[in-house]
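The values are calculated or read from the model by the stated rules, or taken from the named source; none is laboratory data. Note that this is a predicted model, so its numbers are computed, not measured. Note: ideal-geometry Cβ built from the backbone for every residue, glycine included; neighbour counts use all protein chains shown. Calculation scope for accessible area: heavy atoms of the full protein, side chains included, ligands and nucleic acids excluded. Shrake-Rupley method; radii C 1.70, N 1.55, O 1.52, S 1.80 Å.
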Amino acid sequence: MQILRRVFGSGGRAAAPGLELIDSRSACEAADSLRADTVLAALDIDAAINAHERWKEHLMDYLEGRTRHGLDPAEVRRSDRGALGRWLHGVGGEVMGHLPAYAVLMARHRYFHEQAALLIELAQLGEWDKAVAVLNGGYRYGSGQVVLLLKELKRGLV
């Protein structure tokens, strides 16, 4: 990400003073920086969707016994711990926090984590019928909403 910021610019740099009475470059550089942040956010959205999909694969590996790494429902319930959550609470929020869809995305992401934690709790209790119902219900719905909203935000940025 730092490489892209160097290539596309950074919003925090001040324009070098010019020899003109009115420095027209500062307005251009600010616009270029805003475009760069928008491009970075769009690239990050693709990475965020991929991170969400990878996490879901990790959960399925756990549920189907393909991994020995356990999952703690209390940790899973925290929506700020995974790659997507850290991005949403960090760079994603900085760039897109002002957009109405961002607040909805945050709520849907929390809901997804609630459903994932419930799914794990049910599986750990051996209540597989209920776990499958959550998997095919709220968990799948929450995941679909997260991806849909991320794509909507990307469409609005590009």
**Request:** Could you please let me know if residue 90 is open to solvent by less than 30 Å² (accessible area, probe 1.4 Å) and modelled with pLDDT of 95 or more?
**Result:** no
**Request:** Could you tell me whether residue 108 is within 28 Å of residue 156 (Cα to Cα), touching a helix residue (DSSP H, G or I) at 6+ places or on another chain (Cβ under 8 Å) and open to solvent by 60 Å² or more (accessible area, probe 1.4 Å)?
**Result:** yes
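Consider segment 65-82. How many of its residues are aliphatic (A, V, I, L, M), in a helix (DSSP H, G or I) and open to solvent by less than 50 Å² (accessible area, probe 1.4 Å)? Can you show your working first?
Initially, segment 65-82 is screened for residues aliphatic (A, V, I, L, M), giving 71, 74, 76.
When the remaining residues are screened for being in a helix (DSSP H, G or I), the result is 74, 76.
Remaining after also requiring open to solvent by less than 50 Å² (accessible area, probe 1.4 Å): 76.
Within segment 65-82, residues that are aliphatic (A, V, I, L, M), in a helix (DSSP H, G or I) and open to solvent by less than 50 Å² (accessible area, probe 1.4 Å) number 1.
Condition check ((1) of a type outside the set (Phe, Trp, Tyr); (2) modelled with pLDDT of 95 or more; (3) under 30 Å from residue 154 (Cβ atoms); (4) in contact with a helix residue (DSSP H, G or I) (Cβ under 7 Å, 6 or more places away or on another chain)) across all residues:
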{"residue": "52", "(1), (2), (3), (4)": "yes, no, yes, yes"}
{"residue": "67", "(1), (2), (3), (4)": "yes, no, no, yes"}
{"residue": "80", "(1), (2), (3), (4)": "yes, no, yes, yes"}
{"residue": "97", "(1), (2), (3), (4)": "yes, no, yes, no"}
{"residue": "103", "(1), (2), (3), (4)": "yes, no, yes, no"}
{"residue": "115", "(1), (2), (3), (4)": "yes, yes, yes, yes"}
{"residue": "123", "(1), (2), (3), (4)": "yes, no, no, yes"}
{"residue": "129", "(1), (2), (3), (4)": "yes, yes, no, no"}
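Is it true that residue 148 is in contact (Cβ under 8 Å) with a residue 60 or more places away in the chain and either farther than 19 Å from residue 48 by Cβ or in a helix (DSSP H, G or I) (or both)? If you could, list the steps in order and put the result at the bottom.
Working: in contact (Cβ under 8 Å) with a residue 60 or more places away in the chain: no; either farther than 19 Å from residue 48 by Cβ or in a helix (DSSP H, G or I) (or both): yes.
Against the criterion (in contact (Cβ under 8 Å) with a residue 60 or more places away in the chain and either farther than 19 Å from residue 48 by Cβ or in a helix (DSSP H, G or I) (or both)), residue 148 does not qualify.
Mind checking which residues of segment 112-143 are among the β-branched types (Val, Ile, Thr) and open to solvent by less than 60 Å² (accessible area, probe 1.4 Å)? Spell out the reasoning first.
Taking segment 112-143 first, the residues among the β-branched types (Val, Ile, Thr) are 120, 132, 134.
Scanning segment 112-143 gives 120, 134.
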**Request:** Tell me which residues, restricted to segment 144-158, are more than 12 Å from the chain's Cα centre (by Cα) and either crowded, with 20+ Cβ neighbours inside 10 Å or among the aliphatic types (A, V, I, L, M) (or both).
**Result:** 157, 158
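When residues of segment 83-122 are filtered for being charged (D, E, K, R) and touching a residue at least 12 places away in the same chain (Cβ under 8 Å), how many remain?
The qualifying residues number 4.
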